[in-house]
Amino acid sequence: MKKTKLGSWVATNNPSIEEIMADAGFDWLCIDMEHSVTDYFEAQQLIMAIQNKGIKAFVRVGKNNQRII
């Protein structure tokens with residue numbers, strides 16, 4: 001039996017918010033770099049904050065560009 005996974009998009013660049021959301025029981029969080037002001041350094045910090053809580057981190061980049069991805 002497949003279990004439904006619950007996740008959320010985040011558009012903040014504050015790792016504390018992602019940690020709170022991870023503690024709230026989400027299975028994954030997606031950092032939205034297309035519609036936010038999050039830069040690459042901040043995205044790295046957010047990814048680490050999410051993964052340190054043991055959940056999956058995804059990133060929506062602003063362009064379909066192999067260098068960015």
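The values are calculated or read from the model by the stated rules, or taken from the named source; none is laboratory data. None of the values given here were measured: they were computed from a predicted structure. Quick reminder, even Gly has a Cβ in these numbers, built from the backbone with ideal geometry, and neighbours come from all protein chains shown.
Laid out as a table, the results:
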| read-out | value |
| --- | --- |
| Residue list for region 1-18, filter: outside any loop (DSSP other than H, G, I, E, B) and either modelled with pLDDT under 90 or surrounded by 14 or more Cβ atoms within 10 Å (Cβ to Cβ) (or both) | 7, 10, 15, 17, 18 |
| Counted residues, region 13-49 - those being among the hydrophobic types (A, V, I, L, M, F, W, C) and either touching a Ser or Thr at 6+ places or on another chain (Cβ under 9 Å) or closer than 20 Å to residue 3 by Cα (or both) | 10 |
| Number of positions in region 50-69 that are under 18 Å from residue 6 (Cβ atoms) and either of a type in the set (Ser, Thr, Tyr) or assigned to a helix (DSSP H, G or I) (or both) | 2 |
| Residue selected from region 19-62 under the condition exposed (fewer than 10 other Cβ atoms within 10 Å of the Cβ) and over 15 Å from residue 8 (Cβ atoms), by the criterion modelled with the lowest pLDDT | 37 |
